[in-house]
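A.B. asks: One structure is given below, represented as C-alpha cells, and several questions about it will come after.
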Amino acid sequence: MKLSTRLLRWYDKEGRDLPWRKTRDPYRILVSEMMLQQTQVDRVKIFYRAWLKRFPTWKSLARGSNAQVIRAWAGLGYNRRALALRDIAREVVHLGVPKTEEEWRKLKGIGAYTAAAVSIFAQNKKTLPVDTNVRRVLGRLLLDKPYPQSSVYLPLRAKGSILLGETNRHADLVQALFDLASSHCTKIPDCAACPLRSVCPAGAKFLAGRVKTPRRMMPKPRERIRQGKKYPDRIYRGRILRLVRETSRGVRLEGLGKRVDPAFEAERDTQWLLDMIYRLERDELVIMKHHKLYLS
Ligand code: SF4
C-alpha cells in the first residue's frame, strides 16, 4: 500500500476536527496560519472564531486600526502578527487575492511556509509547506533521518512532491502529516503506536534503541535570568501591552515598572523597562505621548 494511502486512511479515522479545515476561503486559511505560528492549536481554535466574528473578510480587516486589531488579537501573543495580517489584508484589497504561491510570497509578512500553506489549503495547489513538524515527520519517513535538520529542506520538498503526486487529496495529506506530528511523531516519538511504523525507516531505528536524542532536543529551561529579570522578556512586554489595551486614557510611565513587575527597582531596572517600551513602539504596538503610553 502506498504511503499516502496509509496516511490518509489513518487521517480519515483519527484526524483532528479543526474549523479551518472546513473552509477553502484564503482569508480564513491565512488567519489560521498566522495564528498557528507560535500558538497552540487549542488556543487558536478559540481565537480564530472570535476573530472571524470581528473581522469576517479581507475588507473588514483592512479597515481595522492598529488599536482595533491589537485588541482583537489580545491573548494570542506576538502581537506583531496581528498588524502584519492587517497589512496583508490591505494589500489584498488593493491588488486582489494572489493566485499562485509566488504571488503570495510577494506579500510582505508571508514567508515560504505560509505561501505554500495558503496555496495548498485554499487553492489545492500541489506544494509542500515545510514547517518543523512536516520536516520532522517526512525527514523520518522519507529520508531515514531521526532528527532532520533544516538542511534537508530541498530533498524533502523533492521527495514530498512525489508523495503529494500519489493522491489528489493534497491538502488532506499535509493535514495528516501535521496530525501525525502532534500525536505520534513528536520530538521523542511514540513509534510503537504509530500507524506507519511498518514502513518507516527511522521508526525502526527508534524501536531498536539505535537513536541517541541530540542535546539540542533535550528540554531546556524556558527562560534565562539576567540581573534578576527573566529573558526573553516578552512576558513583561505582554503585561505592558495588556495595561495599555485596557484603557483609552493612556498608561502613565510613572509607576509602570511596579505594575509590570512588583520586584521592579528604579535604579536597576529603568533601562530594562525603557528598552521594552522602545521595542513595542518600534513594532508599532504602542505610542508614547506626554509620558503616557497608548495603543498606536
Ligand atoms: S514510526 Fe516513529 S519515526 Fe516513523 S513516522 Fe511513526 S512515530 Fe515517526
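The numbers here are math on the coordinates, done by the rules we state, and not lab data. Source: prediction; values computed, not measured. As a convention, Cβ positions derive from the backbone with ideal geometry for all residues, glycine included, and neighbour counts pool all protein chains shown.
A.B. asks: Given a 10 angstrom Cα cut-off, can you work out which residue in LEU196, LEU30, LEU83 is the most mobile in a GNM of the chain?
C.D. replies: Among LEU196, LEU30, LEU83, the largest mean-square fluctuation in the Gaussian network model of the chain belongs to LEU196.
A.B. asks: Provide the percentage of antiparallel DSSP beta bridges, counting only those with both residues in the chain; round to the nearest 5.
C.D. replies: Expressed as a percentage, antiparallel bridges in the chain total about 100.
A.B. asks: By how many nm would the segment from ILE46 to ALA67 lengthen if fully extended, with 0.36 nm per residue of separation less the alpha-carbon distance?
C.D. replies: 5.5 nm
A.B. asks: Between segment 25-86 and segment 117-139, what's the alpha-carbon centroid distance in Å?
C.D. replies: The two parts, judged by their Cα centres, are 21 Å apart.
A.B. asks: Oh, and also: Suppose every Lys and Arg Cβ carries +1 and every Asp and Glu Cβ carries -1, with no other charges. What dipole size does the chain come out with about its Cα centre, to the nearest 20 debye? Numbers along the way, then the final one.
C.D. replies: Working: 61 positive and 29 negative charges, 52 e Å.
It comes to approximately 260 debye.
A.B. asks: Also, quick follow-up: What do you get for trypsin sites (Lys or Arg not before Pro) in segment 17-57 restricted to DSSP loop and a cutoff of at most 15 other Cβ within 10 Å of the site's Cβ? Kindly include the intermediate steps, with their values, before the conclusion.
C.D. replies: Numbers: sites: ARG21, LYS22, ARG24, ARG28, ARG43, LYS45, ARG49, LYS53, ARG54; in loops: ARG24.
Those that pass, being in a loop and sparsely packed, are ARG24.
A.B. asks: Mind checking the full-extension length gain between HIS290 and ALA192? Use 0.36 nm per residue of separation minus the Cα-Cα distance, one decimal, nm.
C.D. replies: Extra length available between HIS290 and ALA192 comes to 29.1 nm.
A.B. asks: Further question on the same structure: Over the Cα atoms of segment 132-217, what is the Rg over Rh ratio if Rh follows Kirkwood?
C.D. replies: 0.95
A.B. asks: Let me ask something additional. At 222 nm, what value in deg cm²/dmol follows for the chain if DSSP H runs of at least 4 each add -39500 (n - 2.57) and the sum is divided by all its residues, to the nearest 500?
C.D. replies: Computed mean residue ellipticity for the chain: -16500 deg cm²/dmol.
A.B. asks: Please check the chain for the longest run free of GluC sites (Glu not before Pro) that are loop-located per DSSP (anything but H, G, I, E, B) and have at most 15 other Cβ atoms within 10 Å. Intermediate results must be reported in sequence, preceding the final value.
C.D. replies: Numbers: sites that count: GLU166, GLU223, GLU246, GLU254, GLU265, GLU284.
Segment 1-165 is the longest.
A.B. asks: For the chain, just run the numbers: alpha carbon Rg, then divide by 2.2 N^0.38 Å, N being how many residues it has.
C.D. replies: This ratio for the chain stands at 1.15.
A.B. asks: In segment 224-295, what is the volume of the convex hull around the alpha carbon atoms, normalised per residue and reported in Å³? If you can, show how the numbers build up before the last one.
C.D. replies: Numbers: hull volume 5.8 nm³, N = 72.
Once divided by residue count, the hull of segment 224-295 is 81 Å³.
A.B. asks: If eta is 0.890 mPa s and T is 25 °C, what Stokes-Einstein diffusion coefficient results for segment 25-123, Kirkwood Rh from Cα pairs, in µm²/s?
C.D. replies: On the way: Rh = 13.3 Å.
Using the Kirkwood radius from Cα pairs, D works out to 184 µm²/s.
A.B. asks: Name the most mobile residue of VAL118, VAL93, VAL134, meaning the one with the largest mean-square fluctuation, in a Gaussian network model of the chain with Cα contacts below 10 Å.
C.D. replies: Among VAL118, VAL93, VAL134, the largest GNM mean-square fluctuation belongs to VAL93.
A.B. asks: Could I have the simple spin-label model distance between GLN37 and GLU166, label points 7 Å from Cα toward Cβ, reported in nm to one decimal?
C.D. replies: 3.1 nm
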